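**Q** I have a structure I would like to understand better, so I am pasting it below and will then ask my questions one at a time.
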């Protein structure tokens, strides 16, 4: 038979305890004592309350351990995927070198054919990235909003619009918002407040 802690939520147990407590207090006031079955049910729900708390604590701890395991596995598998990709690239380059050095178009096995084939389009090979002019680079930068707005204000309108259209992502800077609020400056669309988290001890 399932226990109360298994079939009832923490809220339901708490509501039942409140109701039982009121009923017990009412009986004590009117009759001088509470019925034994009522007290026994109250004690039963008190025990269920403690069991429910422990069940929740165990569940959260198990899920935390599972999260950590999944994250570690993700990192491990990412490393393995990177290593596998490197081996694939090295193997392909070795076979390609073999074919080109012998002026062979393809080699055939029982199941696979390895063929040297021209790419569908030209590719760029960077020989020294440090000397490539910036005008031939795609620049990704993280810029504080204050610096961004200052730069835009100094540029001609058309150039400023072009720069704004190049934005890929904009994220609020929590540190900047906290600093502004600490100096009693309002930040539209944001507020700073002290949250609450659940700690299991």
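**Q** Please name all residue pairs, on different chains or six or more residues apart, with Cβ atoms under 9 Å, provided the first residue is in the stretch 114-138 and is surrounded by 10 or more Cβ atoms within 10 Å (Cβ to Cβ) and the second residue is assigned to a loop (DSSP other than H, G, I, E, B).
**A** Correct list of pairs: 115/105; 116/104; 116/105; 132/126.
**Q** Hey, another quick one. Looking at the stretch 127-147, which of its residues are touching a helix residue (DSSP H, G or I) at 6+ places or on another chain (Cβ under 9 Å) and either within 30 Å of residue 177 (Cβ to Cβ) or modelled with pLDDT of 90 or more (or both)?
**A** Residues of the stretch 127-147 that are touching a helix residue (DSSP H, G or I) at 6+ places or on another chain (Cβ under 9 Å), as a first pass: 137, 143-146.
Across the stretch 127-147, the qualifying residues are 143, 144, 145, 146.
**Q** Exactly one condition in (1) more than 30 Å from residue 92 (Cα to Cα); (2) touching a helix residue (DSSP H, G or I) at 6+ places or on another chain (Cβ under 6 Å) is false for residue 116; which is it?
**A** Of the numbered conditions (1) more than 30 Å from residue 92 (Cα to Cα); (2) touching a helix residue (DSSP H, G or I) at 6+ places or on another chain (Cβ under 6 Å), the odd one out for residue 116 is (1).
**Q** Look at residue 83 and say whether it is closer than 29 Å to residue 198 by Cβ and either more than 32 Å from the chain's Cα centre (by Cα) or without any contact (Cβ under 8 Å) to a residue 40 or more places away in the chain (or both). Working first, answer last.
**A** On the way: closer than 29 Å to residue 198 by Cβ: no; either more than 32 Å from the chain's Cα centre (by Cα) or without any contact (Cβ under 8 Å) to a residue 40 or more places away in the chain (or both): yes.
Spelling it out, it is not the case that residue 83 is closer than 29 Å to residue 198 by Cβ and either more than 32 Å from the chain's Cα centre (by Cα) or without any contact (Cβ under 8 Å) to a residue 40 or more places away in the chain (or both).
**Q** Would you check which residues across the stretch 167-188 are exposed (fewer than 10 other Cβ atoms within 10 Å of the Cβ) and without any contact (Cβ under 8 Å) to a residue 12 or more places away in the chain and list them? Quick ask: steps written out before the conclusion?
**A** Quick first cut of the stretch 167-188, residues exposed (fewer than 10 other Cβ atoms within 10 Å of the Cβ) only: 167-171, 175, 182-186, 188.
Scanning the stretch 167-188 gives 167, 169, 170, 171, 175, 182, 183, 184, 185, 186, 188.
**Q** Among the residues of the stretch 37-54, which ones are within 32 Å of the chain's Cα centre (by Cα) and surrounded by 14 or more Cβ atoms within 10 Å (Cβ to Cβ)?
**A** Scanning the stretch 37-54 gives 51, 52, 53.
**Q** In addition: Could you tell me whether the stretch 29-36 includes any residue that is part of a helix (DSSP H, G or I) and either at pLDDT 90 or above or surrounded by 10 or more Cβ atoms within 10 Å (Cβ to Cβ) (or both)?
**A** Here is the first cut: in the stretch 29-36, the ones part of a helix (DSSP H, G or I) are 29-31, 36.
Still in the list and also either at pLDDT 90 or above or surrounded by 10 or more Cβ atoms within 10 Å (Cβ to Cβ) (or both): none.
No, because not a single residue in the stretch 29-36 is part of a helix (DSSP H, G or I) and either at pLDDT 90 or above or surrounded by 10 or more Cβ atoms within 10 Å (Cβ to Cβ) (or both).
**Q** May I pose another question? Residues to consider are 187, 201, 124; find the one that is more than 24 Å from the chain's Cα centre (by Cα), part of a loop (DSSP other than H, G, I, E, B), closer than 30 Å to residue 61 by Cβ and modelled with pLDDT under 90.
**A** On the way: 187 fails: closer than 30 Å to residue 61 by Cβ; 124 fails: closer than 30 Å to residue 61 by Cβ.
So the residue among 187, 201, 124 that is more than 24 Å from the chain's Cα centre (by Cα), part of a loop (DSSP other than H, G, I, E, B), closer than 30 Å to residue 61 by Cβ and modelled with pLDDT under 90 is 201.
The values are calculated or read from the model by the stated rules, or taken from the named source; none is laboratory data. The model shown is predicted, which means the values in this text are computed figures rather than measured ones. Here the Cβ is made from the backbone with ideal geometry for all residues, glycine too, and neighbour counts use every protein chain on show.
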